[in-house]
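What follows is calculated from the coordinates using simple rules that are stated; it is not laboratory data. It should be emphasised that the depicted structure is a prediction, and the values quoted were computed from it without experimental measurement. Methodologically, a virtual Cβ is constructed for each residue, glycine included, from the backbone with ideal geometry; neighbour enumeration extends over all protein chains shown.
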Amino acid sequence: MSDLINLLKRYWLGVLLSLIALAILNLLFGSVCFSVILFGIPCPACGITRASKLMITGHFVESFQMHPLLILVILGFIFYPFIKKRLKNYCFFIKFYVIICLVVFIVYYIYRMKVYFPNKEPMLYQPDNIIANYILPYVK
């Protein structure tokens, strides 16, 4: 717990500015995902925020349906302090877990793009994106 407090003391300004930036992005564009804002297509993590909100409010089935890989993120946060304290070579295990998670996220993203895009939430095409509205009309 002291590690978390030390991190917050050290990076509180960055965390605060990031939260403000995310709130502004959400107000301006209706999303915090750069992939959706720029291109209108979902990213591999699309639905994680909504799945988190659903899980926090007790809607576990809906959360799992929105993005089942949220469990990998939660497990990473839960086991990180234990791995850091117990293992001398914890950096290797953390990097290994992150790489495995990235591969799983990308494979699952490809699956969701083939099966659900562009008709099922959260894999929807957003026509109000920057590329389609502000750049493509001027490209000849």
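From the phi of every residue in the range 68-80, what ³J(HN,Hα) in whole Hz does the Karplus formula 6.51 cos²θ - 1.76 cosθ + 1.60 yield, where θ is phi - 60° and glycine or proline is x?
Computed from phi, the couplings for the range 68-80 are x, 7, 4, 4, 5, 5, 4, 4, x, 5, 5, 8, 3 Hz.
Roughly speaking, what is the centre-to-centre gap between the range 68-87 and the range 103-140 when only Cα atoms are used, to the nearest Å?
About 30 Å separates the Cα centre of the range 68-87 from the one of the range 103-140.
If you take the beta carbon distance between Phe34 and Ser2 as r and set R0 to 35 Å, what does 1/(1 + (r/R0)^6) give as a FRET efficiency, to the nearest 0.05? It would help to have the intermediate numbers written out before the result.
Values: r = 34 Å, r/R0 = 0.96.
FRET efficiency, Phe34 to Ser2: 0.55.
Between Rg and the Kirkwood Rh of the chain, both from Cα atoms, what is the Rg to Rh ratio? Don't jump to the answer; show the numbers that get you there.
Working: Rg = 18.0 Å, Rh = 17.5 Å.
Over the Cα atoms of the chain, Rg/Rh equals 1.03.
Normalised by the residues of the range 43-116, what does the relative contact order come to in percent, with Cα pairs under 8 Å and at least six apart?
Numbers: 37 pairs, mean separation 22.3, N = 74.
Computed over the range 43-116, the figure is 30 percent.
Given +1 on the Cβ of Lys and Arg, -1 on the Cβ of Asp and Glu, and no further charges, what dipole in debye does the chain carry about its Cα centre, rounded to the nearest 20?
Charge dipole of the chain: 540 debye, to the nearest 20.
What are the ³J(HN,Hα) couplings of the range 5-11, residue after residue, when phi is run through the Karplus curve with 6.51, -1.76, 1.60 and θ = phi - 60°? Round to Hz, x for glycine and proline.
Result, ordered by residue: 5, 5, 5, 5, 5, 7, 10 Hz.
Take the Cβ-Cβ distance between Phe79 and Tyr138 as r, set R0 to 35 Å, and report the resulting FRET efficiency rounded to the nearest 0.05. Walk me through the intermediate numbers first.
Values: r = 49 Å, r/R0 = 1.41.
Computed FRET efficiency for Phe79 and Tyr138: 0.10.
Taking Cα atoms, how many degrees apart are the long axis of helix 90-115 and the longest axis of the chain, rounded to 10 and kept between 0 and 90?
Between helix and principal axis, roughly 30 degrees.
Need one word for the range 43-116: rounded, prolate or oblate. Basis is the Cα gyration tensor (sqrt eigenvalues a ≥ b ≥ c); a/c below 1.5 gives rounded, then a/b vs b/c decides.
Oblate, since a/c reaches 1.5 and b/c is not below a/b.
Checking the cross-link filter: which lysines have an alpha carbon closer than 25 Å to that of Lys85, excluding same-chain neighbours under 8 positions apart?
Those lysines meeting the cut-off are Lys9, Lys95.
Calculate the spin-label point distance for Lys88 paired with Phe60, positioning each point 7 Å from the Cα along the beta-carbon direction, and give it in nanometres.
The answer from the label model is 3.9 nm.
Using Cβ counts within 10 Å as a stand-in for footprinting exposure, how do Thr57, Thr49 rank, fewest first?
Ascending number of Cβ neighbours within 10 Å: Thr57, Thr49.
Suppose every Lys and Arg Cβ carries +1 and every Asp and Glu Cβ carries -1, with no other charges. What dipole size does the range 43-116 come out with about its Cα centre, to the nearest 20 debye?
For this selection, approximately 300 debye.
If each residue's Cβ is checked for other Cβ atoms within 10 Å, how do Val73, Val115 rank with the fewest at the top?
Val115, Val73
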